[in-house]
Structures are given as structure tokens and as C-alpha cells.
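Enquirer: Let me give you the structure first, and then I'll get to my questions.
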Amino acid sequence: MQITRLAVHPVKSTAIRPVPHAEVLPRGLVDDRSWVVVDDGGVIVTAREQHGLFSLTADTPRTDPRLDRALRLRAPGLLPDLALDLPEGDLVRVRLFSQELQGVPAGDVADAWVREALGRDDVRLVWCDEPARRRLNPAFSRPGDHTAYADGYPVTLASEASLRRLNDWITEEALARGEEPADPLPMERFRPNLVIDGDEAFAEDRWTGVSVGDVRFRVAKPTDRCVMTTLDLDSLATGKEPIRTLARHRLVDHKTLFAISLIPETTGTIAVGDPVTVRT
């Protein structure tokens with residue numbers, strides 16, 4: 001097996017940024033979900049409720065080597081680009097589900113840009129200055145494991161073989177209902193950091209660890225999927241898939257599963273084309 005795609009998401013829930021290579025730290029891939037939009041109560045705003053976030057493009061010098069600032073945000077056809085340095089200042093409260101986190105506000109100029117782009121007057125941009133403050137669920141992690149603003153764990157890995165099987169199920173069930181099958185779902189619906197090839201669908205269910213080149217990861221748990229996967233990345237319209245089909249074939253403990261969550265055990269650089277080995 002090998003890596004076929006790598007991606008980061010510098011601002012949580014914004015457009016996927018494919019990269020040819022990525023640096024892996026204990027917190028995950030560098031620049032992945034290091035920034036978030038929060039509401040006036042500090043609660044993280046995602047594309048689950050604010051679909052327009054998918055239309056914003058966030059870049060860093062690692063996703064665009066021509067960039068000489070820490071972050072650039074673009075909203076096509078709406079605003080001039082926003083370019084930012086890493087902010088300094090007092091920490092503010094950031095709430096992710098039931099977790100109380102912290103971050104550094106990006107400032108008034110950034111907040112005004114994000115508010116205009118999203119059409120809301122109650123949001124602001126925040127940067128994670130120290131991912132090591134964030135602790136992970138102890139049921140699936142070890143002391144010292146951490147990440148920035150990812151939902152649960154530092155890295156998500158998905159398999160092309162598993163996606164092919166899922167799309168086959170979706171087609172089979174549409175035909176059984178007498179419906180015209182929709183186009184296959186793209187991998188982008190699941191927003192993984194690492195995508196691998198392979199022949200066996202859902203072989204990753206049995207893995208305890210993954211090595212990409214010389215970088216080792218520990219499997220934390222399967223990744224449970226939310227309604228955000230039902231959002232078309234182009235039209236921003238919502239549908240029933242893939243949750244409807246995952247609930248039929250991949251429902252475990254009331255959770256619909258696709259992909260696996262990883263925790264880095266070593267650091268280094270990984271790249272598209274790197275060989276992948278697994279531990280079971």
C-alpha cells in the first residue's frame with residue numbers, strides 16, 4: 001500500500017488543502033486545524049451548521065510556498081484576501097463539544113473579514129498557540145497525546161478500497177429502491193488527512209498501527225461520521241448519503257464508521273507515494 005493523497009485544513013471546516021508532503025508532529029500534521037472560527041460564546045463553529053465555511057480557502061506557507069504570512073484566507077468573489085501573522089495576546093475560551101480549550105484571538109481585522117464572509121456578526125477567528133494543552137479521550141489515548149482543534153484525534157486515514165465498497169453499497173441500495181444511482185461520493189466528503197490505496201475494503205478495522213515511510217502512528221479508534229459528510233462540497237446541498245448507507249452496513253454502538261483515527265508515535269515527513277505498512 002502507499003499514500004495516494006495528503007491534505008490539511010488550516011482553519012477547521014474550510015476548504016481541503018491537498019499537499020504533496022507534510023511534516024508530522026505529535027499534534028498531527030503541521031498546520032492541520034490550527035485555527036478555528038468561534039461564536040461569541042467561544043463555541044467552535046463548523047460546516048455542520050455554517051455550510052459557507054467550506055467555501056473559504058485557508059492557506060499557509062506549507063500549502064502555498066509563495067505565501068510569506070502565517071495564514072491567508074480567501075472568499076472567492078466576496079472579499080479581498082486576508083493575510084495574517086501569528087497573533088499574540090491573552091488566551092480566550094474555546095469550546096469543542098464538551099471540551100474546554102483555549103486559543104489566541106486573531107484580532108479585529110480578521111474578525112471583521114470572517115463576519116462579512118459568513119454573513120454573521122457573532123464570530124471570530126482563533127489560533128491554537130499550544131496544542132499540547134489539549135488532552136485526548138483517555139479511553140483511546142495515552143498521557144501526553146494531544147492535538148489542536150481536530151474533533152477527536154490528530155490524524156484521520158481513509159482507504160480508497162473502503163470508499164469503493166461504500167459507493168457500491170450506495171448504488172446497490174438505490175437500485176433496490178428503484179432509484180437512479182447518484183454519482184459516486186468523492187473521498188473529500190470524509191476530509192481525511194491520509195488516503196491510501198489497497199485491495200481489501202475495511203481492512204483498517206483490524207489494524208493497531210500504521211507506518212508511513214519511517215513515521216509510525218498508533219490507531220486510536222474507528223472514526224464515527226456526522227451529518228457533515230452529507231454536505232455536497234460544491235453545491236453545499238445536503239442529502240442522505242453516506243450516513244443512510246453507513247447506518248445499514250457500518251453501524252456500531254449507534255455510530256456510523258468510516259476511516260480510522262491515528263495518533264503519531266514518531267515525527268518526520270511523509271509524502272504522496274510513500275509506502276504504508278500496518279500492524280495488526
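Enquirer: Filter segment 80-99 down to residues that are in contact with a strand residue (DSSP E or B) (Cβ under 6 Å, 6 or more places away or on another chain) and within 20 Å of Gly42 (Cβ to Cβ), then give me how many there are.
Expert: Taking segment 80-99 first, the residues in contact with a strand residue (DSSP E or B) (Cβ under 6 Å, 6 or more places away or on another chain) are 81-84, 87, 89, 91-92, 94-96.
From what is left, the residues that are within 20 Å of Gly42 (Cβ to Cβ) are 84, 87, 89, 91-92, 94-96.
Final tally of qualifying residues: 8.
Enquirer: For a quick check of your reading: which strands (runs of 3 or more DSSP E) sit entirely within segment 11-127 and have at least 1 residues that are over 17 Å from the mean Cα position of the chain (by Cα)?
Expert: Working: elements: 21-25, 35-39, 57-59, 71-74, 82-84, 92-96, 99-105, 123-127.
Where strands (runs of 3 or more DSSP E) fall fully within segment 11-127 and carry at least 1 residues being over 17 Å from the mean Cα position of the chain (by Cα), they are 35-39, 71-74, 82-84, 92-96, 99-105, 123-127.
Enquirer: For segment 144-198, which residues satisfy the criterion of being without any contact (Cβ under 8 Å) to a residue 12 or more places away in the chain and touching a helix residue (DSSP H, G or I) at 6+ places or on another chain (Cβ under 8 Å)?
Expert: Glu180, Pro181
Enquirer: Inspect segment 96-119 for any residue being crowded, with 16+ Cβ neighbours inside 10 Å, touching a His at 6+ places or on another chain (Cβ under 6 Å) and in contact (Cβ under 8 Å) with a residue 24 or more places away in the chain and give the result as yes or no.
Expert: No, every residue in segment 96-119 fails to be crowded, with 16+ Cβ neighbours inside 10 Å, touching a His at 6+ places or on another chain (Cβ under 6 Å) and in contact (Cβ under 8 Å) with a residue 24 or more places away in the chain.
Enquirer: Please verify whether Thr4 is in contact (Cβ under 8 Å) with a residue 24 or more places away in the chain, farther than 18 Å from Ala112 by Cα, surrounded by 16 or more Cβ atoms within 10 Å (Cβ to Cβ) and in contact with a helix residue (DSSP H, G or I) (Cβ under 8 Å, 6 or more places away or on another chain), treating the condition exactly as stated. So that I can check it myself, show each step before the final result.
Expert: Details: in contact (Cβ under 8 Å) with a residue 24 or more places away in the chain: yes; farther than 18 Å from Ala112 by Cα: yes; surrounded by 16 or more Cβ atoms within 10 Å (Cβ to Cβ): yes; in contact with a helix residue (DSSP H, G or I) (Cβ under 8 Å, 6 or more places away or on another chain): yes.
Considered against the rule, which asks whether it is in contact (Cβ under 8 Å) with a residue 24 or more places away in the chain, farther than 18 Å from Ala112 by Cα, surrounded by 16 or more Cβ atoms within 10 Å (Cβ to Cβ) and in contact with a helix residue (DSSP H, G or I) (Cβ under 8 Å, 6 or more places away or on another chain), Thr4 comes out as yes.
Enquirer: Under the condition of being surrounded by fewer than 22 Cβ atoms within 10 Å (Cβ to Cβ) and under 18 Å from the mean Cα position of the chain (by Cα), which residue from segment 140-157 is nearest to Lys240 (Cα to Cα)?
Expert: Step one: of segment 140-157, the residues surrounded by fewer than 22 Cβ atoms within 10 Å (Cβ to Cβ) are 140-144, 146, 151-152.
Going one step further and asking which of them are under 18 Å from the mean Cα position of the chain (by Cα), we end up with 146, 151-152.
Numbers: His146: 33, Asp151: 22, Gly152: 24 Å.
Result: Asp151.
Enquirer: Please determine whether any residue of segment 30-42 is closer than 30 Å to Val219 by Cβ, polar (S, T, N, Q) and touching a Ser or Thr at 6+ places or on another chain (Cβ under 9 Å).
Expert: Checking segment 30-42: at least one residue is closer than 30 Å to Val219 by Cβ, polar (S, T, N, Q) and touching a Ser or Thr at 6+ places or on another chain (Cβ under 9 Å).
Enquirer: Here's a follow-up. Considering only residues of segment 220-241 that are within 14 Å of the chain's Cα centre (by Cα) and not aliphatic (A, V, I, L, M), which is nearest to Val278 (Cα to Cα)?
Expert: Only one residue tops the list, namely Thr223.
Enquirer: Scanning segment 128-139 for residues that are assigned to a loop (DSSP other than H, G, I, E, B) and buried (at least 16 other Cβ atoms within 10 Å of the Cβ), which turns out farthest from the chain's Cα centre (by Cα)?
Expert: Step one: of segment 128-139, the residues assigned to a loop (DSSP other than H, G, I, E, B) are 128-130, 134-139.
Of the ones still in play, those that are also buried (at least 16 other Cβ atoms within 10 Å of the Cβ) are 128-129, 134, 136.
On the way: Cys128: 15, Asp129: 19, Arg134: 17, Leu136: 16 Å.
It comes out as Asp129.
Values in this text are rule-based calculations from the coordinates and carry no lab data. In this text, all values refer to a predicted model and were calculated from it rather than measured experimentally. When we count neighbours, we look across all protein chains shown, and the Cβ atoms used for this are built from the backbone with ideal geometry, even at glycine.
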